[in-house]
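Working notes, structure below.
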Amino acid sequence: MNVPAAWYLILAAILFGVGAFGLLTRRSALIMFMCLELMLNAVNLTFVTFARTLSDIGGQATVFFVMVVAAAEVTVGLGIVVAIFRRRTSTSVDELSEMKG
Amino acid sequence: MLALSYAVPSILIFITAALLTLVGAFGVLVMKNPVHSALSLIMTLFGVAVAFIAQSADFLAAVQIIVYAGAIVVLFLFVIMFLGVDRNDTVRVDPLVGQRIFAGTGVVITVGGLIALMARAHWVTGAMSVSTGGVALAPGSGNVQQLGTAVFTTYIFAFEATAALLIIAVVGAVLLARRERTSDESES
């Protein structure tokens, strides 16, 4: 018998927590994006676990779309990081305190 | 023993996935060098892929490796090395007073609440879903066909929307990362 779904759900919850903590404490925009990826992966793991438990392919289809959106988000986000770095020579989010470019 | 009521291979697979995932996640968190963080992220992504395979999501595990570990992390590494920020990050300084404590408390409350909710609630009834017409999820690679059918029938509009989203993202990224020659010359 396979391990219960709760084990994977708890693993996903812990992974989400680690990602959230990193997002709240690290300053580098690049590391923050990586922590965002951790959180997205935790959610993906939850979706796959529930897809297995509920025997519903919809969960896996949702993970497919989450992956596409994550790829688009990282592309645009890193483009913004590059654009900001060109002006400020830093990826620290603390120094981005004004709207003016 | 609790462990003996389940098959030993599935427990070993779970432990492998959990170790890979959590060690990689903590690596992303504590590494000072962004390159090392990105490599730790690859470890986490492989761990999640192992968990996907263990839960009969083979196609998603392959996509996880190809898209995440193969494309997104490489994009991260490319940007890190392109910008030359692979020196020490300011991990130690703490401009906001007590930021770590508040973040840690909030995260512990959230995760603890999630786990407590999972321990008490009964979300999973064992009933078949309505959307698949009561067809059970096939184990292993058997559900690649099911996934394809679902994506190209039930979720066809979402699938088409992702195509537009990807095009917009690519064009936006090119626009953002492009060097604006005219404005640079006028400023200097």
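The values are calculated or read from the model by the stated rules, or taken from the named source; none is laboratory data. Because the structure is a prediction, the values reported are computed rather than measured. Please note: Cβ atoms are built from the backbone with ideal geometry, for glycine as well, and neighbour counts cover all protein chains shown. To get the accessible areas, we keep the full protein, side chains included, count just its heavy atoms, and leave off ligands, DNA and RNA. Shrake-Rupley method; radii C 1.70, N 1.55, O 1.52, S 1.80 Å.
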* Please work out if residue A:58 is more than 16 Å from residue B:76 (Cα to Cα), small (Gly, Ala, Ser) and facing another protein chain (nearest Cβ under 7 Å). => yes
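Whether any residue in the stretch B:7-24 is touching a residue at least 60 places away in the same chain (Cβ under 8 Å) and in a helix (DSSP H, G or I) is what I want to check.
Checked against the condition, which is being touching a residue at least 60 places away in the same chain (Cβ under 8 Å) and in a helix (DSSP H, G or I), the stretch B:7-24 yields no hits at all.
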* To do: Please list, ordered by first then second residue, the pairs with beta carbon atoms under 7 Å, 6 or more apart or interchain, first in the stretch B:145-164 and closer than 17 Å to residue A:63 by Cβ, second loosely packed, with under 12 Cβ neighbours inside 10 Å.
  => B:159/B:152
* Close pairs from the stretch A:3-16: first under 23 Å from residue B:27 (Cβ atoms) and at the interface with another protein chain (Cβ under 7 Å from one of its Cβ atoms), partner modelled with pLDDT under 90 and outside any helix (DSSP H, G or I), Cβ under 7 Å, at least 6 apart -> A:8/B:55
* Residue list for the stretch B:29-50, restricted to those being buried (at least 19 other Cβ atoms within 10 Å of the Cβ) and at the interface with chain A (Cβ under 10 Å from one of its Cβ atoms) -> B:29, B:31, B:34, B:37, B:38, B:40, B:41, B:44, B:45, B:47, B:48, B:49
* To do: Could you check, for the stretch A:49-60, whether at least one of its residues is touching a residue at least 40 places away in the same chain (Cβ under 8 Å), in contact with a Gly (Cβ under 7 Å, 6 or more places away or on another chain) and under 17 Å from residue B:61 (Cα atoms)?
  => yes
* Structure fact -> Of B:26, B:14, the only residue that is over 12 Å from the mean Cα position of the chain (by Cα), open to solvent by 40 Å² or more (accessible area, probe 1.4 Å), aromatic (Phe, Trp, Tyr) and at pLDDT 90 or above is B:26
